[in-house]
Amino acid sequence: MDLASRLLLLLEVSELGSFAKVSEHRNVNRSAISKQIDKLEKELGVHLLNRTTRSLSLTAAGAEMVNQAKQLRDLLNNAKRLAENYHSEPRGNLKISSSTLFGRQYVQQAILKFQAQYPDISVELLLEDRKVDLIGEGFDIGFRIGEPKESNLIARKIARNRLLIVAAPEFVEKYGQPNSIPKLESLPAVVYSANGLVIDKFKYHDALGDEGFIQLNCAYKVNEVEMMVNTAVAGRMFTVTTAQMIENEILAGQLIPIMTHVNLADYGTFYAVYPHRDSPLKTKLFIETLKEVIGDKKPIWESRIPGFDTMYGNAT
């Protein structure tokens, strides 16, 4: 490992916070990480890290070297990106981050289509529902719901993702068609809950355009979005979900949209997020491939909900 590689390793230690996390990320022995940092300190002749049994912290020299390492990483990434743009055909590795369900449903399809067309590209896909540090973890592109707040990232809109309220026919037969917000709020619902976050309140607009909220009566909380739809299909609860979550349950008659007159606020939009405005050719082409899979103007998931264009305040 040369000086540049060791500087980048120091940067990784600083960003991840421990040798253990770096060794797990790189799939190497923890002692190997420690030895390389020791060699870097000897090579530079300065102490870089304050180490205890429980924590690591940068010395003043270490902090300066981390700043230099960030510039080095940016320089190397820019050099690779610029070189790739001179290729007539994309090549190299494309590292992608995506939320789990969206990745399984659509990113995977796009990857298979993309690699069939561009066989010189190898792809690495990480499916996780956490917010990934695209630059720090070396991703070329990520797919998220909602426009990113990070000023150092570029975002491109991929597709809208609207809300709807669904229940099984058995549920409607038992409770009747709810025709008011208070009635809906009295009925049992399954909601998403994870890491202290409970999504049991949804914004809507009344006939005058004023904002209100639907407070769901939580009968069941679950940290897996697919389970919400499955639970609604079982017939004992309803759920508020996104159009993207619907597969063929409505077409098959297992679920029906209810309270379709309510003007639900938009839930969010899928964005492609990447580090550079002048992104590599492989990144641009993959985004186009994904949009072909999803649909450019109207996302494919809305076609599985007959009449959705006129429901929940939609007018497209």
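Calculate the dipole size of the chain relative to its Cα centre from +1 charges on Lys and Arg beta carbons and -1 charges on Asp and Glu beta carbons; express the result in debye to the nearest 20. Mind dumping the intermediate values first?
On the way: 38 positive and 38 negative charges, 114 e Å.
So the dipole magnitude of the chain works out to roughly 540 debye.
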Next on the checklist: Starting from the 7 Å offset along Cα-to-Cβ, what nm value, one decimal, do you get for the label separation of GLN115 and SER55?
Outcome noted: 4.4
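Quick one: putting +1 on the C-beta of Lys and Arg, -1 on the C-beta of Asp and Glu, what dipole do you get for the range 3-84 around its Cα centre, in Debye to the nearest 20? Don't jump to the answer; show the numbers that get you there.
Numbers: 13 positive and 9 negative charges, 42 e Å.
Once rounded to the nearest 20, the dipole reads 200 debye.
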Item to check | Calculated log₁₀ intensity ratio I(q)/I(0) where the Debye formula runs over C-alpha points of the range 233-316, q = 0.11, 0.20 Å⁻¹ | outcome: -0.42, -1.01
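Can you give the relative contact order of the chain as a percent, counting alpha carbon pairs under 8 Å and 6+ residues apart? Don't skip to the end; give the middle numbers.
Numbers: 490 pairs, mean separation 62.1, N = 316.
Across the chain, relative contact order equals 20 percent.
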Next on the checklist: What lysines does LYS201 reach when the alpha-carbon gap must be under 28 Å and sequence neighbours fewer than 8 apart in one chain are set aside?
Outcome noted: LYS131, LYS149, LYS157, LYS174, LYS183, LYS221, LYS298
Checklist entry - Picking from VAL172, ILE294, THR59, whose Cα lies most toward the positive end of the charge dipole for the chain (charges on Cβ: Lys, Arg +1; Asp, Glu -1)? => result THR59
Checklist entry - Taking one equal scatterer on every alpha-carbon of the range 3-84, how large is log10 of I(q)/I(0) by Debye at q = 0.13, 0.14, 0.24 1/Å? => result -0.40, -0.46, -1.19
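I'd like the trypsin sites (Lys or Arg not before Pro) in the range 262-316 restricted to DSSP loop residues with at most 14 other Cβ atoms within 10 Å, sorted by number. Could the numbers behind the result be given before it?
Values: sites: ARG277, LYS282, LYS284, LYS291, LYS297, ARG304; in loops: ARG277, LYS297.
Sparse-neighbourhood loop trypsin sites (Lys or Arg not before Pro): ARG277, LYS297.
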Checklist entry - Pairing the Cα long axis of helix 60-84 with the longest principal axis of the chain, what angle in degrees results, from 0 to 90 and rounded to the nearest 10? => result 70
Next on the checklist: What translational diffusion coefficient, to the nearest whole µm²/s, does the chain have by Stokes-Einstein, given a Kirkwood radius computed over alpha-carbon pairs, a temperature of 20 °C and 1.002 mPa s viscosity?
Outcome noted: 95
Checklist entry - Tilt of helix 30-44 relative to the longest C-alpha principal axis of the chain, in degrees (0 to 90, nearest 10)? => result 50
Item to check | Coordinate range along principal axes, alpha carbons of the range 101-212, Å, largest first | outcome: 57, 34, 30
Item to check | Beta bridge orientation in the range 157-266: antiparallel %, DSSP, nearest 5 | outcome: 75
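Mind checking the dipole of the range 163-265: about its Cα centre, +1 per Lys or Arg Cβ, -1 per Asp or Glu Cβ, Debye to the nearest 20?
Details: 6 positive and 11 negative charges, 40 e Å.
Computed about the Cα centre, the dipole is about 200 debye.
Would you calculate a helix-derived [θ] at 222 nm for the chain, using -39,500 (n - 2.57) for each DSSP H run of n ≥ 4 and dividing by the full residue count, to the nearest 500? Show your work: numbers first, answer last.
Working: 9 runs with 109 residues, N = 316.
Helices in the chain give a 222 nm mean residue ellipticity of -10500 deg cm²/dmol.
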Checklist outcome for this item: Given Cβ charges of +1 for Lys and Arg and -1 for Asp and Glu, the option among ILE111, VAL273, VAL46 whose Cα lies farthest towards the positive end of the dipole of the chain is VAL46
Item to check | Kirkwood hydrodynamic radius over Cα pairs of the range 163-265, then Stokes diffusion coefficient at 4 °C and 1.567 mPa s, in µm²/s | outcome: 94
Checklist outcome for this item: Using alpha-carbon coordinates alone, the radius of gyration and Dmax of the range 138-204 in Å work out to 17.9, 52
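Since every read-out is calculated from the coordinates, none of them should be taken as a lab result. In this text the structure is predicted, and so the values were computed from the model without any measurement. Quick reminder, even Gly has a Cβ in these numbers, built from the backbone with ideal geometry, and neighbours come from all protein chains shown.
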